Structure formats: C-alpha cells, structure tokens
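Scroll down for the structure; my scribbles are underneath it.
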Amino acid sequence: MKVADIPKISRLSTAEKILFVEDVWDSIASKERIPMPESHKAELDRRSAKYQNHGGRLLSLKELQARIEKRK
C-alpha cells in the first residue's frame, strides 16, 4: 500500500503526515512486541563488549563534521 492509494493521506501536509505516522507506529507498538533478531542482539552485545573492554572516545560535533567532510 502506498500513500497515493489513500487520497485523504495524500492531501495531508508534511507535519500532518508525520503525526499520522507516529500515531500508526504507536498503535502497532502497543499491540505486540516485535522480537529482536538474534543477529541484532549479537551485534549489540559485540559493540557493548568492545566499549566495555576498550572504553571509547566520544567525538565533538566539530570533530564529527570534520570527519564527514573528509569523506566527501
């Protein structure tokens, strides 16, 4: 199903569409829990262990922006 298939949704403003999507998401989330795939859990565990064992250094916004600019 696409937005274009529902004319009332197509006519909503961007802000109204965002609120609509939030409402739809909330209605899904309140009904059931979606299980986390084992691959996602394993990746989270791996990242957590890496952080716990090696600590970490957070980047400032300027440092992050500089790294992004270097990649361009």
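Among the residues making up the stretch 2-21, those that are among the charged types (D, E, K, R) and either touching a residue at least 12 places away in the same chain (Cβ under 8 Å) or surrounded by 11 or more Cβ atoms within 10 Å (Cβ to Cβ) (or both) are 16, 17. Evaluate the following for residue 15: is it in a helix (DSSP H, G or I), of a type outside the set (S, T, N, Q) and modelled with pLDDT of 95 or more? In short, yes. Scanning the stretch 18-32 for residues that are assigned to a helix (DSSP H, G or I) and not hydroxyl-bearing (Ser, Thr, Tyr) yields 18, 19, 20, 21, 22, 23, 24, 25, 26, 28, 29, 31.
The values are calculated or read from the model by the stated rules, or taken from the named source; none is laboratory data. None of the values given here were measured: they were computed from a predicted structure. Methodologically, a virtual Cβ is constructed for each residue, glycine included, from the backbone with ideal geometry; neighbour enumeration extends over all protein chains shown.
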